[in-house]
1. Looking at the range 105-151, which of its residues are part of a helix (DSSP H, G or I) and closer than 21 Å to A14 by Cα?
2. Among the candidates A199, A182, which residue alone is surrounded by 20 or more Cβ atoms within 10 Å (Cβ to Cβ), part of a loop (DSSP other than H, G, I, E, B) and in contact (Cβ under 8 Å) with a residue 60 or more places away in the chain?
3. For K39, state whether it is within 22 Å of V82 (Cβ to Cβ), surrounded by fewer than 22 Cβ atoms within 10 Å (Cβ to Cβ) and either out of contact with any helix residue (DSSP H, G or I) (no Cβ under 7 Å at 6 or more places or on another chain) or not charged (D, E, K, R) (or both).
4. Got a sec? Which of G150, G170 is surrounded by fewer than 16 Cβ atoms within 10 Å (Cβ to Cβ), at pLDDT 95 or above and either small (G, A, S) or under 24 Å from A72 (Cβ atoms) (or both)?
5. Regarding T124, is this residue over 24 Å from I53 (Cβ atoms), at pLDDT 95 or above and crowded, with 24+ Cβ neighbours inside 10 Å?
6. Got a sec? Which of G78, G100 is crowded, with 16+ Cβ neighbours inside 10 Å, among the small types (G, A, S) and touching a residue at least 24 places away in the same chain (Cβ under 8 Å)?
Amino acid sequence: MNIAIIGTGNVGGALAQRFSDKGHTVFLGVRNVNDFKGKETLSLLKNVSVHTIKEAVAKAELIIISAPPQFASDIAKGLGDVSNKIIIDTMNAVFVKPEGFNNTADAILANCNTTDVVKCFNTTGFENMLNPTYNGNGIDMFTAGNSQKGVEAATKLAKEIGFENVYHFGGNDKFSLIEQMAMCWINLAIMQKQGRGIAFKILKRP
């Protein structure tokens, strides 16, 4: 799959590494192709190339946005034509919000021309994306959004990189709820000093 990743910080960089390792072609979309976060390491990854944001989006079937949440609307406006493309939103507006919106996915939907927007890869730390295996088992990932096509794509990608199960929170009305799940991880890992080597796993009785 051709994947554009907008944002090369911890999460965007981790996903670029994992997806490139799985054979996907990754187009990094950055504001300045000569100077961006992670340039030294991301430029060395196989199947990865660097482009302006619009160029990366034009080449991709699926777009991942991993940027500071307050910029969600501006990024969405600058994507260009994204009709018939899927957008995966990995951001969380738990400390700062896009102006006029309670969550980042709603801001994206309001400012671009696709309805295939899904939240995923937002409920855990980037370390768990690089290595989602604990004691021999994959941890779990979660999605939210109305787009069945988006949910199916995000689920497939999550399982490819080692997440065992992917649970769907529900439609667009669950965007803010899934962001609060991210806040639960942040609270435990950082504020309560449990450390970033923790993860969520759903257990079921036989």
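The values are calculated or read from the model by the stated rules, or taken from the named source; none is laboratory data. In this text the structure is predicted, and so the values were computed from the model without any measurement. With ideal geometry, Cβ positions are generated from the backbone for all residues, glycine too; neighbour counts draw on all protein chains shown.
1. The initial filter retains those residues of the range 105-151 that are part of a helix (DSSP H, G or I), namely 105-110, 126-130, 148-151.
Within the range 105-151, A105, F126, E127, N128, M129, L130, G150, V151 qualify.
2. Working: A182 fails: part of a loop (DSSP other than H, G, I, E, B).
Testing whether each residue is surrounded by 20 or more Cβ atoms within 10 Å (Cβ to Cβ), part of a loop (DSSP other than H, G, I, E, B) and in contact (Cβ under 8 Å) with a residue 60 or more places away in the chain leaves just A199.
3. Details: within 22 Å of V82 (Cβ to Cβ): no; surrounded by fewer than 22 Cβ atoms within 10 Å (Cβ to Cβ): yes; either out of contact with any helix residue (DSSP H, G or I) (no Cβ under 7 Å at 6 or more places or on another chain) or not charged (D, E, K, R) (or both): yes.
Against the criterion (within 22 Å of V82 (Cβ to Cβ), surrounded by fewer than 22 Cβ atoms within 10 Å (Cβ to Cβ) and either out of contact with any helix residue (DSSP H, G or I) (no Cβ under 7 Å at 6 or more places or on another chain) or not charged (D, E, K, R) (or both)), K39 does not qualify.
4. Being surrounded by fewer than 16 Cβ atoms within 10 Å (Cβ to Cβ), at pLDDT 95 or above and either small (G, A, S) or under 24 Å from A72 (Cβ atoms) (or both) holds for just one of G150, G170, which is G170.
5. When the stated conditions are applied, T124 passes them.
6. When all the criteria are applied, what remains is G78.
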